[in-house]
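To start, the structure itself, in structure tokens.
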Amino acid sequence: MILRELSANSIKEKIIKREITAQEVVEDLFKWIGLKESLIKAYISLDKEGALLKAKEIDEKLNNGGRVGLLAGIPVAIKDNICTWGMKTTCASKILENFTPPYDAFVVKRIKEEDAIIIGKTNLDEFAMGSSNENSAFHVTRNPWNTDCIPGGSGGGSAAAVTADMAFMALGSDTGGSVRQPSSFCGNVGCKPTYGRVSRYGLVAFASSLDQIGSITKDVSDAALLLQVVSGHDCHDSTSANVEVPDYIAGINSVNNNLRIGVPKEFFGEGLNPEIESAVKNALGIYKKNGAELIDLSLPHCGYALATYYIIATAEASSNLARYDGVRYGHRSQLSEDNIIDMYSRVRAEGFGSEVKRRVLLGNYVLSAGFYDAYYIKASKVRNLIKSDFEDAFSKVDCIISPTCPSPAFKIGEKITDPLEMYLSDIYTIPANLVGIPGISIPCGFTTTGLPIGMQLMGKHFEEEKILRIAKLFENETDFHLKKPGLK
Amino acid sequence: MKYEVVIGLETHAELDTESKLFCGCSTKFGSEPNTQTCPVCLGLPGVLPVMNKKAFEYSLKAAVALYCEINQFTNFDRKSYYYPDLPKNYQTSQNYFNIGNNGYVDMVVAGKEKRISIHNVHLEEEAGKLIHPESSDANYSLVDFNRAGVPLLEIVTQPDMRSIEEVESYMQTLRNILLYIGVSDCKMQEGSLRFEASISLREQGSAIYGNRVEIKNLNSMKAVSKVLTYEISRQSELLDKGEDVLMETRLWDDVNSSSRRMRSKEESHDYRYFPEPDLVPFWIKQEWIDETMATIPELAVSKRQRFVKEYSLSDYDAGILTDDKLLADYFEECVGLSQDSPKELSNWIINDVLRELKERKLNVQHFVISPKMLTELVKIKPTIGSSIAKEVFVEMINTGKSAHAIVKEKDLVQIDDTSELNEIVIKVIGDNPKAAEDYGQGKKNALAFLIGQTMKITKGKANPKILTELFKQRLSSISQ
Amino acid sequence: MDIGIKQIEQVARLSRIKLTDEEKGFFREQLTDILSYVEKLNELDTDGVQPMAYATSLKNVFREDHQESSFPRQQILELSPSSANGFFKVPKVLE
Ligand SMILES: [Mg+2]
Ligand SMILES: [Zn+2]
């Protein structure tokens, strides 16, 4: 048995039963990280000292017969766009290279309260803008299944860390697929909950009406565990829903009766890699074998989701990123600062990478005088049409299944010069963000080149429990989630 | 040439809440720089706004008091522009669905009624404060964010004002309404109430507006009047010369009493408004509007009219009393305690109470003489006389004691007894034969001298009316 | 859909990002591509469709007007690249 390869639930059980101490788990994990991080580069910063301190605290609690939290002793990685008190939060941007927040994000507070051990902050595309991790200002994370490939983005660091057993679970953020897409590329379970299910307080905003914090885990049970902890109402986030959080942990093992699964034709069309198509069709067959009814359906406006997304996301991003001006925090230009406008323009020119600049420019363009109606309002209307598509669909089915991505992980550098081509890799994940519904990606096969394939399950608003349960059903029937990349 | 002046006004009023619009930081004025800030009002990464309920209610209250149509659906928009006092480099404001639209303010200018249309009323967040160092060669500015995020109400009129007098009247009336409904302290010296004017001139009778000039940075009503006077002459000079007035924003320089160009229309901002995704929309049901309506007190304009009718006060006096709601309340509380003397109570308040308040820089609610104490003084005045009553009034302020107590303590009851006074009169005449003689020879001020002497003896307690009568009788009988 | 260099310069000014000539060149191309792609939205008739600005059906979310303690000033100013006497310091701002 190799400790680091266990699921989060399993390692927690061992710690609670005192078969092993939390400190031993942390020591073991950091030894492994010491060996493999130079290859994978999943992290922007690590905090071994803090992790050991927390581990010691948990061990002492357990030794004294004290009560421990739901995540007792589990080493967790956090995407570096989620604020951690006293720990640098860089968003993989030069502009925040030295930013240490004096506060914890809501989710960070929650997992700390439940005795998780935070081991480090993972790499991402700068400000979560990207699909490959190549937009990080610091380094490119590699896919543990093939280190010539990207791990996906923007949460590639979190996904690679979990896959490479350098963390037992991770938190990410998903604006257009940044939890699900890298999970699919790395063979993890990635869950983006309903918009409003998990507080965004402390998540550095990219596109506020689309951003949602999610989990990247080794299996569905671990996803249920992490979601259980981070879900729920937060009075510091106006968009946080005051909806009761069901017992996900118990819920995933209940029986699925009369399951109706929707198969949208728009997600199986042109541009879909045939190996992915057959893997997902295979998976649908497994559901059918287990008594589910497969229902063909159409989401006619989904073909417009990407265009809609790039207007709304960049518009919101252009204003969310306006605050990085070098006045109150962050990078400030070293050049002479004779004029405030020059200072702003230089700080931002030096602090932002190309992708961020591109999106800020685009966002400001679509919002600028004379273009607002043609772009922003138009996109907002189409967004409503897409939402109606899903409402119609969910009146007939319990969940919608599709591939998570049209293609598997691609080579580093392969798409970097063509932004539009890169954006296409989020084509299946974006609709859930536009509509605000939950989506989960689970492993459902491998390509002939040995890269993981992900399958996406989407559910109605606040029906995370149901899609987790349906995902668990598949996981019980298969062992894709247990496969490990050969990193030894 | 004769020009018609066209003026519109934008008013910013800081709302009188405990905490800021989106965070719990204090709104207190005048604290050490940056001591009332937090990640939310500094726009640190990852933080989110949550709407202050009171600020929203106050805005609704103001919109209702200004007779606006209330938008059932209202939401907030981001207004983007870069300025170091604006932490997020966008201001959360309202643009597409304001809380209120199409309202009005009724006012009286030079005895004539005039209605100013309100284009919209909306809620937004205040910016911080920039401080420019005294020395002109300093190459930096300083920023204090204590004010950033204070709830700010913006009230925008239509270009309905046609003279400086109308503008002045509008500012007073609006300020008065905001104070009456209690949503802002309107302290101009603290910047709680600020104005921006837009002004254009056109030929008398023309239906087309001239090029508009906007003027910012107006921190007092006096500044508004001054800048408009300045602009009217500047613009009419240009027009007289056949030159165009430039469409631009100008900044008022109070020190030099002149305005200077800030930016032209072409350079004006492109604010890129779009809905603020971090706040959810607000639905205002009719019941909410009705409930708000019920909390709006009788406003100054109607109160003034009622005072004239109900208490037979002059319009001028009623105006002074109703200018401050607390003063009007004070007056009505007095009248409630002593229905038969509204005119006299009004005189006391306008002359004596206001003078003392001004001297002591006090608010009437913190004035030591309560309505009960004042009415008591007015009631016993006939027994002590006017001049002693004034002394008692001062003594009441100094000691906090009631009029009764002071009169009793100092034995100040007026001597009304004719026979008692007659004895004193005889004595005074006997002691001052020269004066009596003078009076007989037609020197009328000799009488005043004799009365003065009597007052000295009686410590001012002699009833002056009776005293005068007695002297006149006595002296005329002597001279005959 | 073709964006000119003038428009790139204009939007760069709005964005407060100083661009090199090379950047102006490729952002012009890329923005043109992306904007041409999003033109496809015009295939859809959206007359009478309500714009959807929020991904939540929540409304009327408030906090009570309670004062809470602010952050220690030192902690706030430490984050800043430049401060003096309790203030944040910026290049001279001319109005
Ligand atoms: Mg405004
Ligand atoms: Zn604050």
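Determine, yes or no, whether A:TYR310 is surrounded by 24 or more Cβ atoms within 10 Å (Cβ to Cβ) and either among the hydrophobic types (A, V, I, L, M, F, W, C) or over 30 Å from A:ILE470 (Cβ atoms) (or both). Here the answer is yes, as A:TYR310 does meet what is asked. Take the conditions (1) among the hydrophobic types (A, V, I, L, M, F, W, C); (2) farther than 14 Å from A:PRO264 by Cα; (3) assigned to a helix (DSSP H, G or I); A:ALA393 misses just one of them, which is (2). Among the criteria (1) within 16 Å of ligand 2 (Cβ to nearest atom); (2) over 30 Å from A:ASP338 (Cβ atoms), the one B:PHE145 does not fulfil is (2).
Listed here are the residues, each with its yes/no results for (1) within 16 Å of ligand 2 (Cβ to nearest atom); (2) crowded, with 20+ Cβ neighbours inside 10 Å.
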{"site": "B:THR74", "(1), (2)": "no, yes"}
{"site": "B:TYR96", "(1), (2)": "no, no"}
{"site": "B:ASN102", "(1), (2)": "no, no"}
{"site": "B:VAL109", "(1), (2)": "no, no"}
{"site": "B:ARG115", "(1), (2)": "no, no"}
{"site": "B:ILE131", "(1), (2)": "no, no"}
{"site": "B:ASN139", "(1), (2)": "no, no"}
{"site": "B:VAL150", "(1), (2)": "yes, yes"}
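Among the candidates A:TYR324, A:TYR329, A:TYR287, A:TYR304, the residue that is more than 25 Å from the chain's Cα centre (by Cα) and at the interface with another protein chain (Cβ under 9 Å from one of its Cβ atoms) is uniquely A:TYR329. Only strands (runs of 3 or more DSSP E) whose full extent lies in the range B:71-160 are considered here, and the ones with at least 1 residues that are of a type outside the set (A, V, I, L, M) and in contact with an Asp or Glu (Cβ under 7 Å, 6 or more places away or on another chain) are B:77-80, B:90-93, B:100-109, B:112-125, B:129-131, B:151-157.
Tell me, yes or no, whether the range A:190-200 has at least one residue that is at pLDDT 95 or above, basic (Lys, Arg) and not in a strand (DSSP E or B). There is at least one residue in the range A:190-200 that is at pLDDT 95 or above, basic (Lys, Arg) and not in a strand (DSSP E or B). Candidates B:ILE155, B:ILE177, B:ILE116: the one that is closer than 28 Å to B:PRO297 by Cα and within 16 Å of ligand 1 (Cβ to nearest atom) is B:ILE155.
Consider the range B:429-457 and keep the residues that are part of a helix (DSSP H, G or I) and of a type in the set (Lys, Arg). The one that is nearest to B:GLN473 (Cα to Cα) is B:LYS434.
Residues in the range B:1-59 that are more than 10 Å from ligand 2 (Cβ to nearest atom) and of a type in the set (D, E, K, R): B:LYS2, B:GLU4, B:GLU10, B:GLU14, B:ASP16, B:GLU18, B:LYS28, B:GLU32, B:LYS53, B:LYS54, B:GLU57. Looking at A:SER407, A:SER388, A:SER441, just one residue is within 14 Å of chain C (Cβ to nearest Cβ) and polar (S, T, N, Q), and that residue is A:SER388. Within the range A:353-385, the set of residues being aliphatic (A, V, I, L, M) and either in a helix (DSSP H, G or I) or facing chain C (nearest Cβ under 9 Å) (or both) comprises A:VAL356, A:VAL360, A:LEU361, A:LEU362, A:VAL366, A:LEU367, A:ALA374, A:ILE377, A:ALA379, A:VAL382, A:LEU385.
In the range B:23-38, is there at least one residue being of a type outside the set (S, T, N, Q), crowded, with 22+ Cβ neighbours inside 10 Å and within 16 Å of ligand 1 (Cβ to nearest atom)? No. Looking at B:SER233, B:SER206, can you tell me which residue is exposed (fewer than 15 other Cβ atoms within 10 Å of the Cβ), of a type in the set (Gly, Ala, Ser) and not in a loop (DSSP other than H, G, I, E, B)? Being exposed (fewer than 15 other Cβ atoms within 10 Å of the Cβ), of a type in the set (Gly, Ala, Ser) and not in a loop (DSSP other than H, G, I, E, B) holds for just one of B:SER233, B:SER206, which is B:SER233.
Residue by residue, here is whether (1) out of contact with any Ser or Thr (no Cβ under 6 Å at 6 or more places or on another chain); (2) under 21 Å from A:ARG359 (Cα atoms) holds:
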position: A:ILE119; (1), (2): yes, no
position: A:SER158; (1), (2): no, no
position: A:SER173; (1), (2): yes, yes
position: A:GLY177; (1), (2): no, yes
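Consider the range B:409-435 and keep the residues that are among the basic types (Lys, Arg) and over 19 Å from B:SER386 (Cβ atoms). The one that is surrounded by the most Cβ atoms within 10 Å (Cβ to Cβ) is B:LYS427. Checked against (1) within 30 Å of A:PHE371 (Cα to Cα); (2) surrounded by fewer than 18 Cβ atoms within 10 Å (Cβ to Cβ), C:THR56 meets all criteria but (2). Here the range A:221-248 is the region considered, the condition is being touching a Leu at 6+ places or on another chain (Cβ under 6 Å) and away from chain B (no Cβ under 14 Å), and the residue that is surrounded by the most Cβ atoms within 10 Å (Cβ to Cβ) is A:ALA224. Residue pairs whose Cβ atoms lie under 8 Å apart, sitting 6 or more positions apart in sequence or on different chains, and linking a residue in the range B:31-42 that is in a loop (DSSP other than H, G, I, E, B) to a partner that is hydroxyl-bearing (Ser, Thr, Tyr), are B:THR35/C:SER70; B:GLN36/B:SER26; B:GLN36/B:THR27; B:GLN36/C:SER70; B:THR37/C:SER70; B:CYS38/C:SER70; B:PRO39/A:TYR103.
Restricting the range C:34-92 to residues that are of a type in the set (S, T, N, Q) and assigned to a helix (DSSP H, G or I), the residue that is nearest to the other protein chains (Cβ to nearest Cβ) is C:GLN75. Restricting attention to the range B:436-480, report how many residues are over 21 Å from B:ILE388 (Cβ atoms), surrounded by 14 or more Cβ atoms within 10 Å (Cβ to Cβ) and touching a residue at least 40 places away in the same chain (Cβ under 8 Å). Looking only at that region, the number is 4. For the range A:78-85, does any single residue satisfy the condition of being away from every other protein chain (no Cβ under 14 Å) and under 30 Å from A:GLU19 (Cα atoms)? The answer is no, given that none of the residues of the range A:78-85 is away from every other protein chain (no Cβ under 14 Å) and under 30 Å from A:GLU19 (Cα atoms). Mind checking which residues of the range A:22-57 are closer than 14 Å to A:ILE74 by Cβ and buried (at least 19 other Cβ atoms within 10 Å of the Cβ)? Listed by number, the residues that qualify are A:ALA22, A:GLN23, A:VAL25, A:VAL26, A:LEU29, A:ALA51, A:LYS54, A:ALA55. When C:ASP33 is tested against (1) over 26 Å from A:TYR309 (Cα atoms); (2) surrounded by fewer than 19 Cβ atoms within 10 Å (Cβ to Cβ), exactly one condition is not met: (1). Exactly one residue among A:ILE44, A:ILE20, A:ILE58 is β-branched (Val, Ile, Thr) and farther than 27 Å from A:ILE249 by Cβ, and that residue is A:ILE44.
The residues on offer are A:ILE261, A:ILE276, and the sole one that is at pLDDT 95 or above, within 25 Å of A:LEU420 (Cα to Cα) and not basic (Lys, Arg) is A:ILE276.
Got at least one residue in the range B:45-54 being without any contact (Cβ under 8 Å) to a residue 60 or more places away in the chain, in contact with a Lys or Arg (Cβ under 9 Å, 6 or more places away or on another chain) and part of a strand (DSSP E or B)? No, there is no match, as no residue in the range B:45-54 is without any contact (Cβ under 8 Å) to a residue 60 or more places away in the chain, in contact with a Lys or Arg (Cβ under 9 Å, 6 or more places away or on another chain) and part of a strand (DSSP E or B).
Does any residue of the range B:64-74 turn out to be at pLDDT 95 or above, over 25 Å from B:LYS187 (Cβ atoms) and within 16 Å of ligand 1 (Cβ to nearest atom)? Taking every residue of the range B:64-74 in turn, at least one turns out to be at pLDDT 95 or above, over 25 Å from B:LYS187 (Cβ atoms) and within 16 Å of ligand 1 (Cβ to nearest atom).
Residues of the range B:289-303 that are among the charged types (D, E, K, R) and in a helix (DSSP H, G or I): B:ASP290, B:GLU291, B:LYS303.
The values are calculated or read from the model by the stated rules, or taken from the named source; none is laboratory data. Everything numeric here is computed off the predicted structure, so don't read it as measured data. When we count neighbours, we look across all protein chains shown, and the Cβ atoms used for this are built from the backbone with ideal geometry, even at glycine.
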